[in-house]
Amino acid sequence: MKISIISPNSAHLQDMRKVLEARSHAVSVFEGGKSRMQWVVEQSSPELLLVDGMCCDPHEVAMVEQLTMRHPALAVVLLCAMQTPEFLILAMRSGVREVLPSPPEPAALEAAVERIALKMAGTQAREAGQVVAFMPSKGGSGATFLATNIGHQLSMRRSVLLIDLNLQFGDALSYVSDLRPTSTLADVARDIGRLDASLLAASTVKVAPGFSILAAPEDLSRALEVKAEHIDAILQVAAAQYDFVLFDLGLRIDPLAIRVLDRADRIFPVLQPSLPHIRNVTRLMQVFKSLGYPSGKVELLVNRSAGGTEIGLSDMRRSLGGATLVSVPDGGKDVDASINRGVPLAEMSRGSALCKRLVEIAHTLSPRQKEAPGLIGRLFRRA
């Protein structure tokens, strides 16, 4: 890795240089203070910048934030003799990757640089996550329930981020958690210039080990702050960090929704077996066709389907020109209880027909790898 170090202490510079060069890093050192940060980055174009001599002055952290905004690919590590909790929070928000004591112990310095190198390598080599959009055909179709609970099922084996893009009335988080968001999509949009994986993760609510939700703004007026270009930037970071990025869209086809639909690998319009839903889905399918989406990108989730309804799946297929339909059985009181308690359906009624269908849909999105035969195969699968 290409590393630059700034320190007012020449002994610190030489000690850190010796440690890092022993690990085959390309190291350049610069004697001086933090005011040289921008000049050093412009001169040496490092991947990692170590800045020694930082203290708890918020003004100094603001200088670091300006640097990380101008150079989003740059990793910054601060070396501080004194560290307060408030300073650590400010440093994290400014885009700093690590904060170490000054001078650092060689083992701690090596470990921090190794962690950053692994993260950088993983970001570059990692396959982009799948983008899946859930869209209601009509109010009350159940799109949010399906999006959140399919996301929960996917998170059993993969990392999942759900973004609530129903900006004015979104409440996806409440379907699976009673936690309150400390940051929302509007907050991320406001700080889009310093968006990175750490900021995105810190802005979400972790509702399960592999499942995070970026909530819609609670203040309706702040919904206007989110622009289509913000969605592009968030998607770029999210797809590099999560196996699945799910969107819970609202009813409107606007520039934000189209930006998501263009990027989506799969689109799931959600409808119920009734004529108003079918009419709206027919219009949606015409929009998708005009946007040039291939038919295989769109699958219709028919929620609360049942054999005794007046309009059956065969009737719906004829009305919708042979579109791909996936039936989702009615969950009845289990769904109401799940929503009212803010608990995923799988934690309340794992054996229900609805829960089993959600598991099947999750498996179609993330199929299990075929198990290799014999003992060797089982050992590799465990590894």
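The values are calculated or read from the model by the stated rules, or taken from the named source; none is laboratory data. Given the structure is predicted, the values throughout are model-derived calculations rather than measurements. Here the Cβ is made from the backbone with ideal geometry for all residues, glycine too, and neighbour counts use every protein chain on show. In case anyone asks, the SASA skips ligands and DNA or RNA and just uses the protein heavy atoms, side chains included. Shrake-Rupley method; radii C 1.70, N 1.55, O 1.52, S 1.80 Å.
Counting the residues of region 38-54 that are closer than 19 Å to Leu109 by Cα and under 31 Å from the mean Cα position of the chain (by Cα) gives 6. Beta carbons closer than 7 Å, at least 6 apart along the sequence or on distinct chains, never pair a first residue in region 332-361 that is outside the structural domain of Leu154 (by the TED database) with a second that is of a type outside the set (Phe, Trp, Tyr) and surrounded by fewer than 16 Cβ atoms within 10 Å (Cβ to Cβ). Going by what's in this entry, would Leu249 be described as in contact (Cβ under 8 Å) with a residue 24 or more places away in the chain and touching a Pro at 6+ places or on another chain (Cβ under 6 Å)? Here the answer is no, as Leu249 does not meet what is asked. Among the residues making up region 251-308, those that are at negative phi and basic (Lys, Arg) are Arg252, Arg259, Arg263, Arg266, Arg279, Arg283, Lys289, Lys297. Filter region 196-227 down to the residues that are in contact with a helix residue (DSSP H, G or I) (Cβ under 6 Å, 6 or more places away or on another chain) and either charged (D, E, K, R) or at pLDDT below 90 (or both) and list them by number. The answer is Ala197, Arg222, Glu225.
The rows are residues; the columns are (1) in contact with a helix residue (DSSP H, G or I) (Cβ under 8 Å, 6 or more places away or on another chain); (2) open to solvent by 70 Å² or more (accessible area, probe 1.4 Å); (3) more than 22 Å from Leu173 (Cα to Cα); (4) modelled with pLDDT under 95.
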| site | (1), (2), (3), (4) |
| --- | --- |
| Leu320 | yes, no, yes, yes |
| Leu325 | yes, no, yes, yes |
| Val328 | yes, no, no, yes |
| Gly332 | no, no, no, yes |
| Ala346 | yes, no, no, yes |
| Ser349 | yes, no, no, yes |
| Ser352 | yes, no, yes, yes |
| Leu358 | yes, no, no, no |
| Thr364 | no, yes, yes, yes |
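With respect to Ser35, determine if the residue is within 30 Å of the chain's Cα centre (by Cα) and under 21 Å from Arg194 (Cβ atoms). It is false that Ser35 is within 30 Å of the chain's Cα centre (by Cα) and under 21 Å from Arg194 (Cβ atoms). Answer yes or no: is there a residue in region 99-107 that is in a helix (DSSP H, G or I), surrounded by fewer than 21 Cβ atoms within 10 Å (Cβ to Cβ), in contact with a Pro (Cβ under 8 Å, 6 or more places away or on another chain) and small (Gly, Ala, Ser). No.
Of the candidates Val41, Val61, Val19, Val29, the single residue that is in the same structural domain as Glu114 (by the TED database) and touching a residue at least 40 places away in the same chain (Cβ under 8 Å) is Val19. All of Ser141, Ser94, Ser137 fail the test of being in the same structural domain as Leu48 (by the TED database) and in contact with a helix residue (DSSP H, G or I) (Cβ under 7 Å, 6 or more places away or on another chain), apart from Ser94.
Residue-level check: of (1) touching a strand residue (DSSP E or B) at 6+ places or on another chain (Cβ under 7 Å); (2) more than 24 Å from Thr364 (Cβ to Cβ), Lys297 misses just (2). Only one of the listed residues (Met120, Met135) is buried (at least 24 other Cβ atoms within 10 Å of the Cβ) and at negative phi. That residue is Met135. If you go through region 170-191 and pick out every residue that is among the hydrophobic types (A, V, I, L, M, F, W, C) and surrounded by fewer than 20 Cβ atoms within 10 Å (Cβ to Cβ), you end up with 1.
Residues of region 252-273 that are in contact with a strand residue (DSSP E or B) (Cβ under 6 Å, 6 or more places away or on another chain) and either among the aromatic types (Phe, Trp, Tyr) or under 18 Å from Ala215 (Cα atoms) (or both): Ala257, Val260, Phe268.
Table: residues versus (1) in contact with a Gly (Cβ under 6 Å, 6 or more places away or on another chain); (2) modelled with pLDDT of 95 or more; (3) not acidic (Asp, Glu).
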residue	(1), (2), (3)
Gln124	no, no, yes
Val132	no, yes, yes
Ala147	no, yes, yes
Met156	no, no, yes
Leu165	no, yes, yes
Ala172	no, yes, yes
Tyr175	no, yes, yes
Leu179	no, no, yes
Asp191	no, no, no
